[in-house]
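The values are calculated or read from the model by the stated rules, or taken from the named source; none is laboratory data. Computed from a predicted model, the values in this text were never measured in an experiment. As a convention, Cβ positions derive from the backbone with ideal geometry for all residues, glycine included, and neighbour counts pool all protein chains shown.
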Amino acid sequence: MNPHKLLHPRPEGLYCPPGDFYIDPVRPVDRALITHGHSDHARSGHGHVLATRETLDIMAIRHGENFAGASQVAKIGEMITINGVRVSFHPAGHVLGSVQIAVELDGTRIVASGDYKRVADPTCAPFELVPCDVFITEATFGLPVFRHPRPEDEIARLLKSMTQFPERSHLVGAYALGKAQRVIRLVRDAGYEDTIFIHGALARLCDYYVSQGIDLGKLSPATIDRTAKTDFSGALVVGPPSAFADRWARRFPDPVAAFASGWMRIRQRAKQRGVELPIILSDHSDWDELILTIRQTGASEVWVTHGREEALVRWCELEGIKARPLHLVGYEDEGDA
Amino acid sequence: MKRFAELLDRLLLTSSRNAKLKLMIDHFREMPDPERGLALAALTGELSFSSVKPALLRTLIMERMDAVLFTYSYDYVGDLAETVSLVWPDGGLANDRDIPLSYAVDTLHAVSRSDAPKVLVSLLDRLEPPSRFALIKLVTGGLRVGVSARLAKQALADFGNVEVHEIEELWHGLTPPYEELFAWLEGLGPKPEQAAFAPFRPVMLSTPVQDSDLSKIDPADYAAEWKWDGIRVQAVSENGVRRLYSRTGDDISATFPDLLEAMDFEGALDGELLVGTPPEHVGTFSDLQQRLNRKVVPMKTIREYPAFVRCYDLLIDGDEDVRTLPLAERRQRLERFVTTLDPARFDLSPIVDFNNWEHLERLRVAPPHPIIEGVMLKRLDFTYVAGRPKGPWFKWKRDPHTVDAVLMYAQRGHGKRSGYYSDYTFGVWKGDELVPVGKAYFGFTDEELRQIDKFIRDNTVERFGPVRSVRAEPDHGLVLEVAFEGLARSARHKSGVAMRFPRVSRLRWDKPPAEADRLEALTAMLD
Ligand SMILES: [Zn+2]
Ligand SMILES: [Zn+2]
């Protein structure tokens, strides 16, 4: 069948007419299938939500228990039929609970990747390759300049800076869901055992990751305790990037501003944000991962969603793969990079 | 190469001077010879290669990737070296092992011009992006990481626990990778011999006059001279070698062939480099700028802006080191010395006669020449010593220029001011938009700092890390009266001018931004 009849963009999001459901809709709809818990993909107010256990838990943490009229757990790999359309969920390797959603009807299979990465991440299940006819890919880092280095090397630079400047605090900006926990886990894997201080905005999500068996070591709120005389000298502090421009950041002595993000690959980006120690660490695919994945899915057609669509579309053309941008609106360019 | 690239990247993004020093010192400590010496040479601008032109880089990358994808990439990144370093195909070789900086330097030095592209490609194939970036910046001569040669020498001095002028005095006799220098600094070898011909002698500097200073000293003990607004230089000519040095010991001979030609003496002179025809005509600092920071100076510019030195002091007289003599004696020798030189290229900085401080003050505020920026006071019985001792030499500057400018951006301070926005970028009007003309971070009281900080927090428009842009509209914003010492043309600033030593002299809460100065007022001061 014509794949556009199976899935196509609408203002609310990606819509499946025969199944009458949306994937990651940006406006409230009756029935939503959600790939992962980042706020631009997982909005509240839908009538019915189908997502993994973890994603539903994260939505409840972020939006409250009444984030949707009803919710249903999707198990990884299980086939669910909605109005005759076969739907299955497969790990995307992006953040805890993240999936790609495969939609199949009359022998045509479309995979909507949501956000994904290929590099190993100790805080979530690894990406699973799902062969398909049409692959819908994100393109957050869809430019050949984005080539993420090895995560361990980036964490090693952070730890080295901490030994080089033992009297300064190191403030790591990291998005609250996924990136923050990954940074903490990688720092632990690198052998750092001291208490890590976290901004209040991370507390509940960190607790949730721990409850899911991801050990984050000793965490403590980055609040000033006058009796303990802690001045955060030499401390490692993790917080959402937005907090660093805030009053909150002023409590730290002569801080080294670090930011864990794929955008940090570009020096000017780091410079503009006043980042002294860029940590190039992303939960999205880099250019090499994007094109590797497109090739491996065997898809004869690629639809490109949020990010830098034009370069990826161009690459597909050069490879003889049919490609087009979907121009979905409402997803953040920088949101969860 | 990896460690070197890492050092460059950290220096590039670190603004604190102390942190930069620490990064360099650690590098000198951790890296073996010759790697650390080559890194030092790169930072001090002593490494040069038969340069690779940007066009070659473009050609090389176009052979390797789709032109459209390259254009998207370059448009996004904005810097050719960085773009190429990122999009260069991996070839799977980069992960094998790191190439030492010394290997890259040796290979590039040994190569012929025609083989250079091939060799560059083979190096790029084997490096990771940050190292590729460092390599490209090295071979294209565009290494700028916010570290001056002077700061690198300071790091060396701190590393070896010696005075920076000891390093400067030795510097011109040394060559990369400076193994004997490092051995000495680590206490593993003797101090390198002063090997250079016509070496630089570290200069003596003055301290500004403070309010109470003059009451404590006797005018009879001091000589006064005008302070000229040029650049301090040292002209050395010994055993047939002629060199012109900046105040920090940078060899600037190549920029001033006209002056070098006239250095037919034996000795070392300390003076102010100016342009014009002495003694009557002296060009402005902006005229002098035409001759500075250029590798090649067009003949026309040399003719239009002839350089000369207004001599302050004599350090070496023939083959005699006279720095240990008191100023009064050096001055007598200087006066004799200068009479033997070409008067179009060397003249004497005149002594200003005065009876008491009030008299000198009257002279100071109304100097006989616009290029005078104040007076110098020098103790007649003092020897010539390196550095900035307090007492023997004072500078007493003329009151600076002022301009009313509008606060545009503010950045968080350092150290005890780190809780406040204390570094200010200000601008003046050009048409109906504000263009930044400078940055100031002192000149206000703690109480004023708190007021400005509050204004910034209440009027933030955008945040970029530690920097905020603040409301700066014709009828809403903060006007700062900014005092500065001088003004020069600058192609690097959007406004076309660069201020010397700007500082906040008054807060003009009373003044609407619309009434702040216009750029024309500044450009008028240039001529
Ligand atoms: Zn996401
Ligand atoms: Zn996304």
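Scan the stretch A:40-69 for residues that are more than 17 Å from the chain's Cα centre (by Cα) and either β-branched (Val, Ile, Thr) or buried (at least 18 other Cβ atoms within 10 Å of the Cβ) (or both) and jot them down.
A:HIS46, A:VAL49, A:LEU50, A:PHE67, A:ALA68
Run down A:PHE146, A:PHE127, A:PHE135 and say which single residue is away from every other protein chain (no Cβ under 14 Å) and either farther than 16 Å from A:GLY178 by Cβ or away from ligand 1 (no atom under 16 Å from the Cβ) (or both).
A:PHE135
Name every residue in the stretch B:253-284 that is part of a loop (DSSP other than H, G, I, E, B) and touching a residue at least 24 places away in the same chain (Cβ under 8 Å), in order of residue number.
Scanning the stretch B:253-284 gives B:PHE256, B:ALA262, B:MET263, B:ASP264, B:PHE265, B:GLU266, B:PRO278, B:PRO279, B:GLY283, B:THR284.
Yes/no matrix, rows are residues, columns are (1) more than 30 Å from B:GLY374 (Cβ to Cβ); (2) more than 14 Å from chain A (Cβ to nearest Cβ); (3) touching a Ser or Thr at 6+ places or on another chain (Cβ under 8 Å):
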position: B:ALA440; (1), (2), (3): no, yes, no
position: B:PHE464; (1), (2), (3): yes, no, no
position: B:HIS476; (1), (2), (3): yes, yes, no
position: B:ARG500; (1), (2), (3): no, yes, no
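Within the stretch A:55-74, identify whether any single residue is over 23 Å from A:ALA125 (Cβ atoms) and within 15 Å of ligand 2 (Cβ to nearest atom), and answer yes or no.
no
Considering the stretch B:203-234 alone, what residues qualify as being part of a loop (DSSP other than H, G, I, E, B), buried (at least 21 other Cβ atoms within 10 Å of the Cβ) and either of a type outside the set (A, V, I, L, M, F, W, C) or touching a Cys at 6+ places or on another chain (Cβ under 8 Å) (or both)?
If the condition is that a residue be part of a loop (DSSP other than H, G, I, E, B), buried (at least 21 other Cβ atoms within 10 Å of the Cβ) and either of a type outside the set (A, V, I, L, M, F, W, C) or touching a Cys at 6+ places or on another chain (Cβ under 8 Å) (or both), then B:ASP229, B:GLY230 are the ones that fit.
Out of the stretch A:85-100, which residues are within 14 Å of ligand 1 (Cβ to nearest atom) and either within 14 Å of chain B (Cβ to nearest Cβ) or closer than 15 Å to A:VAL134 by Cβ (or both)?
Once the filter is applied, which keeps residues that are within 14 Å of ligand 1 (Cβ to nearest atom) and either within 14 Å of chain B (Cβ to nearest Cβ) or closer than 15 Å to A:VAL134 by Cβ (or both), the stretch A:85-100 yields only A:GLN100.
Find the residue count for the stretch B:66-84, including only residues that are of a type outside the set (Val, Ile, Thr), over 23 Å from B:ASP9 (Cα atoms) and either at the interface with chain A (Cβ under 7 Å from one of its Cβ atoms) or buried (at least 19 other Cβ atoms within 10 Å of the Cβ) (or both).
Qualifying residue count, the stretch B:66-84: 4.
Among the strands (runs of 3 or more DSSP E) contained in the stretch A:219-337, which hold 3 or more residues that are farther than 30 Å from B:PHE70 by Cβ and either within 13 Å of chain B (Cβ to nearest Cβ) or modelled with pLDDT of 95 or more (or both)?
Ranges flagged: A:236-239, A:256-260.
Quick one: which of B:ARG457, B:ARG471 is surrounded by fewer than 19 Cβ atoms within 10 Å (Cβ to Cβ), within 14 Å of another protein chain (Cβ to nearest Cβ) and basic (Lys, Arg)?
Result of the check over B:ARG457, B:ARG471: B:ARG457.
Out of the residues in the stretch A:89-106 that are in contact (Cβ under 8 Å) with a residue 40 or more places away in the chain and away from ligand 2 (no atom under 16 Å from the Cβ), which is farthest from A:ILE58 (Cα to Cα)?
The residue in question is A:ASP106.
May I ask you to verify whether B:GLU272 is acidic (Asp, Glu), surrounded by fewer than 18 Cβ atoms within 10 Å (Cβ to Cβ) and touching a Ser or Thr at 6+ places or on another chain (Cβ under 9 Å)?
No: the conditions fail for B:GLU272.
Take the residues in the stretch B:285-315 that are β-branched (Val, Ile, Thr) and part of a helix (DSSP H, G or I), then tell me which one is farthest from B:ALA254 (Cα to Cα).
Among residues in the stretch B:285-315 that are β-branched (Val, Ile, Thr) and part of a helix (DSSP H, G or I), the one farthest from B:ALA254 (Cα to Cα) is B:THR301.
Results for (1) over 28 Å from B:THR14 (Cα atoms); (2) among the charged types (D, E, K, R), shown as yes or no for each residue.
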position: B:PRO367; (1), (2): yes, no
position: B:VAL375; (1), (2): yes, no
position: B:GLY387; (1), (2): no, no
position: B:TYR409; (1), (2): no, no
position: B:ARG412; (1), (2): no, yes
position: B:PHE426; (1), (2): no, no
position: B:PHE444; (1), (2): no, no
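Looking only at the stretch A:259-299, filter to residues that are away from ligand 1 (no atom under 16 Å from the Cβ) and of a type in the set (Phe, Trp, Tyr); which one of those is farthest from A:LYS179 (Cα to Cα)?
The extreme case among them is A:TRP287.
Name the one entry in B:GLU168, B:GLU179 that is outside the structural domain of B:GLU35 (by TED's automatic domain parsing), touching a residue at least 12 places away in the same chain (Cβ under 8 Å), among the charged types (D, E, K, R) and surrounded by fewer than 17 Cβ atoms within 10 Å (Cβ to Cβ).
B:GLU179
Considering only the stretch A:113-127, I want to know if a residue exists there that is surrounded by fewer than 21 Cβ atoms within 10 Å (Cβ to Cβ), touching a residue at least 24 places away in the same chain (Cβ under 8 Å) and more than 20 Å from A:TYR209 (Cβ to Cβ).
Yes, the stretch A:113-127 has at least one match.
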